[in-house]
Amino acid sequence: MSTLTRRDFVRVTALAGGGLLLGVYGCDGMGGGEALPVGTLEPNAFLRLDPDGTITVISKHLEMGQGTYTGLATLVAEEMDADWNRVRVVAAPADVERYANLLFGIQGTGGSSAIANSFEQYRRAGATARHMLVSAAQSRWGVRGGGLVTEASEVVEPTRGRRLGYGELAGLAATMPVPEEVPLKEPSAFRLIGRESVAPRVDARDKAMGRATFTQDVKRPGMLTALVAHPPRFGASVAGFDDTAARAVPGVVDVVQIPTGVAVVAEHFWAAKTGRDALAVRWDESQAVNRSSADISQELRRLAGHQGREVRRDGDAEAALAGAARTVELTFEVPYLAHACMEPMNCVVEVNGNGAVVTSGAQIQTLDQAAVAAVLDLEPAQVRIETLYAGGSFGRRAAKTSDYMVEAAHIARALEGRAPVKLVWTREDDTRSGFFRPAFVHRVRGGLDGDGRLVAWWHRAVGSSSAAGSALAAPEGDPSGVEGIEDMSYAVPNVYVDQHSPEPGVPVQWWRSVGHSHTAFAVEVFVDEMARAAGRDPVDFRRELLADDPRRLAVLELAAERAGWGSPLPAGRARGVAVHRSFGTYVAQVAEVSEEGGEPRVHRVVCAVDCGIPVNPDIIRMQMESGIVYGLSAALFGRITVDRGRVVEDNLNRYRIVRMSEAPEVEVHIVPSAEAPTGVGEPGTPPIAPAVANALAVLRGRPVTTLPLV
Amino acid sequence: MPTLSVNGRTHEVEADPSMPLLWVLRDLLELTGTKYGCGIAVCGACTVHLDGQPARSCVVPLSAAEGREITTIEGIPAGGALEEAWVRAQAPQCGYCQTGQIMAAAALLASDPSPTDEAIDRAMDGNLCRCGTYQRIRAAIHLAARDMAGGAP
């Protein structure tokens, strides 16, 4: 056993058993005088305190830009009274026993749930450590009971002016009993949670300077890089291939067939890319998808005319429509969308004697572990996952079939463990291989009574289930296809909602805010149209309908007030509003829009958000800014076009996203709250499309019902 | 054998002369701060400087990079004005595009030490960010400009 000193006075003591105890004694003149054992404090699975005072928070959630590393560290540091500058964060291994998302039951990041499910767990972890450090200081100083306080990674005895750093106390604290129950702070005692500028992002510096490691940057000894030639159409497969020319490319090591295509394996990316370009593959297109976007659109619109699976019925919407003084019907349509993360999909798989190591920035470790294990004939526990930063995800790396990780595992298997292999998708692979936000059609009918009150809302949502074909699919129907409609809180006495979930053969998956990404568009544009039909101001009209939903009402009022709703604008500019709740978080946005050269231009967005107790205010602002720009790219330009089972768009010149000069000035206002915290990664996205569309409707004099706008 | 001068150091590189500089930097020289995003010079994630001018390294063949002074993110001084501005503005989210953004910003500030918003938009419009950090990047560039000019932050 070794022990720590603050001065270097070393004594060697012979022990009865013949061993040596190296005793290093401190002479700090502050009392005690006994040895402080050197050691690391690991009170639970979520943090470690090293003798140098470094606090390592172990994040069970993927950091993909949303700020979860900083958020989880804030929770630990708050209860621990840690010095923020000594806090760092690492990714947890795949281990569902210790690191399950408490809302999912498996290890995974998504649904804007990281802070919501970790709020108590990570605070408790920090409070436990603090308790043990205080116990250690009591033991060291020979004091009992209260009187000790903690601040900035020190235990302090104010009456005598004594203080000990957490690092010094770590070893002794590790010998203290782990408390079963620890009290958590009252919010009034928070020093980090909800405070400005005290807990900046833990990852900003390394990311700015290129020191952060993404999967794309991983290099293992002897590692090979693989690119895969995928079928040009969904449902096609390899009929045969000639790899003579590919193998002749310097640096190409092997060419192997895998279930999803033909992999060219090389010493580095460029050799693999050149080899893949030289590869001649014959495709069997007999089972290929024949549909095009226009066919799918037609099918969705056809289904919108037929009774679907009922998901909500209040009163009698048909009767209320029949008796209404005025009715409105609109059909909305949105296309398939790509996630288009800046870092295209990739994954490193290394097979060794005991199992495999997967290095990836992926959202759902428990599913990925099982899927890779199945390919490699291993038990899930034999697959270790090293989670790295993801260069964006937006739901793409919550791979419902673990598709690209499984593909990498197949290549590793085909190479019989000869070398670690890094699968890299090119941008074109990434855009075309799919898992898109599904295309949707919404047919909505509404009725006003003679006094202009909304008395009927009839809504049919038609589109593929994002979860279909995965372990996460609902046993029946597609809850995500109607989220945001089914739980709409506008006080309408007669509501009917049903859905169809066709599967036309285009692979789909959750995309930032999932169903809310299109349901908010349909609902909020329709509310505006009903307001117009009633001759009412859109904010006033909503205000009345939201009288029983104070949180939704509060964000609406705040956004409208800060945006100067109703105040004059320059000629050619209009405002549009939308309010939506997703993942438990309430967001209202007011967009100021004009049209220039046939393209809408969004000048300013004022956003109000209520996400319960705000943990990191600046990260909340960042996520609203981010969600708005992401949603705006989709609203203005986002469209994946399918041509007989083949995706037309390939790179970012054809899949346009908002640039700096096109990005609006975003202003975020956070509603103070004592409610349990909810997420912010997704809820900023749903309101922007309808807010912009509603402003355009003012300029054009007719509702906007299809996206994209350009 | 081709030689490259990167961040003031000379490297001998054995590679196909058509191999893009991006992959030479990343896979052969292990300078991974320069990122791959599109491969066709539309996203800016691979931005480096060639003789001080911003360039998309994904479309610059090795043969065209020979004899030029190449600067990558690894050549930007640690703890300098750009790093501090990026941290103060809390610009990065996923972070993948940010090194390209900083390289574009560094080139802008070298030619225009006090850029307007419009000049920033013009210089930065080819650098895409999927997390939508544009307004913080713009703020960071103004902060760095002030810092470099020796003004109060």
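Brief remarks on what is shown
- Rule-of-thumb Rg ratio for the protein assembly as shown [Cα; 2.2 N^0.38 Å; N residues]: 1.00
- Residues whose amide H lies under 5 Å from that of B:Val42, counting only those 5 or more places away or on a different chain, are absent; hydrogens are built 1.01 Å from N in the peptide plane.
- Local electrostatic count, A:Asp295, Cβ distance below 15 Å [Lys/Arg +1, Asp/Glu -1]: +2
- Trypsin sites (Lys or Arg not before Pro) restricted to region A:372-463 and DSSP loop, no more than 13 other C-beta within 10 Å: none
- The protein assembly as shown - share of DSSP beta bridges that are antiparallel (%, nearest 5): 75 percent
- Relative contact order [Cα under 8 Å, 6+ residues apart], region A:39-208, whole percent: 30 percent
- Region B:37-78 residues near the modelled B:Ser18 label - backbone nitrogen below 13 Å, point 7 Å along Cα→Cβ: B:61-63
- Compactness relative to 2.2 N^0.38 Å, alpha carbon Rg of chain B: 1.02
- Ordering A:Leu337, A:Val89, A:Ala189 by the projection of their Cα atoms onto the charge dipole of the protein assembly as shown, which places +1 on the Cβ of Lys and Arg and -1 on the Cβ of Asp and Glu, puts A:Ala189 at the extreme positive end.
- Of the GluC sites (Glu not before Pro) found in region B:1-64, those in coil by DSSP whose Cβ has at most 14 other Cβ atoms within 10 Å are B:Glu14, B:Glu30.
- Global form of region B:3-75, assessed from the alpha-carbon gyration tensor, a/c cut-off 1.5: rounded
- Counting Lys and Arg as +1 and Asp and Glu as -1 over every other residue whose Cβ lies under 15 Å from the Cβ of A:Ala114, the net charge comes to +1.
- Shielding by partners for peptide A:210-217, expressed as the average number of C-beta atoms from other protein chains within 10 Å of each residue's C-beta, is 6.
- Amide H contacts of A:Trp283: A:Ala239, each under 5 Å away and 5 or more positions distant or on a separate chain (H built 1.01 Å from N in the peptide plane; Pro and chain starts excluded).
- Using equal-weight Cα scatterers in the Debye expression, the normalised intensity of region B:81-148 in log10 at q = 0.18 Å⁻¹ is -0.54.
- The distance separating the Cα centre of region A:438-504 from that of region B:47-104 comes to 47 Å.
- The GNM of chain B, with springs linking C-alpha atoms under 10 angstrom apart, assigns the highest mean-square fluctuation among B:Pro61, B:Pro17, B:Pro77 to B:Pro77.
- For A:Asp277, A:Asp203, the sequence from fewest to most other C-beta atoms within 10 Å is A:Asp277, A:Asp203.
- Each Cα pair under 8 Å and six or more residues apart adds its separation to the average, and for chain A the resulting relative contact order is 13 percent.
- As a calculated quantity, the FRET efficiency between A:Ala189 and A:Arg282 at R0 = 60 Å, using C-beta atoms, amounts to about 0.30.
- Sorted by Cβ density within 10 Å, fewest first, the residues A:Ser402, A:Ser673: A:Ser673, A:Ser402
- Going from the residue with the fewest nearby Cβ atoms within 10 Å to the one with the most, A:Ile619, A:Ile640 rank A:Ile640, A:Ile619.
- 3J(HN,Hα) along region A:565-582: 3, x, 7, x, 10, x, 4, x, 10, 9, 9, x, 10, 8, 9, 8, 10, 9 Hz, from the Karplus curve 6.51 cos²θ - 1.76 cosθ + 1.60 with θ = phi - 60°, whole Hz, x for Gly and Pro.
- Per-residue mean of C-beta atoms belonging to partner chains within 10 Å, peptide A:339-345: 6
- Phi-derived couplings, Karplus 6.51 cos²θ - 1.76 cosθ + 1.60 at θ = phi - 60°, listed residue by residue for region A:539-556: 6, 4, 4, 5, 3, 5, 6, 10, 4, 9, 10, x, 6, 5, 4, 5, 5, 4 Hz, with x used for Gly and Pro.
- Here, P(r) means the percent of Cα pairs in each 10 Å bin from 0 to the largest distance; for region A:532-669 it is 11, 35, 32, 17, 5.
- Where GluC sites (Glu not before Pro) in DSSP loops with at most 16 other Cβ within 10 Å are excluded, longest remaining stretch of chain A: A:197-415
- For region A:87-189, projected area of the alpha-carbon convex hull averaged over all directions, nm²: 8.3 nm²
- Per-residue Karplus couplings for region A:428-442, computed as 6.51 cos²θ - 1.76 cosθ + 1.60 with θ equal to phi - 60°, are listed in order as 5, 4, 5, 6, 8, 7, x, 6, 9, 5, x, 5, 9, 10, 10 Hz, Gly and Pro entered as x.
Every read-out reported here was derived from the displayed coordinates using simple, explicitly stated rules and does not represent laboratory data. This is a predicted model, so every value here is computed, not measured. So basically every Cβ, Gly included, is an ideal-geometry build from the backbone, and we count neighbours across all protein chains shown.
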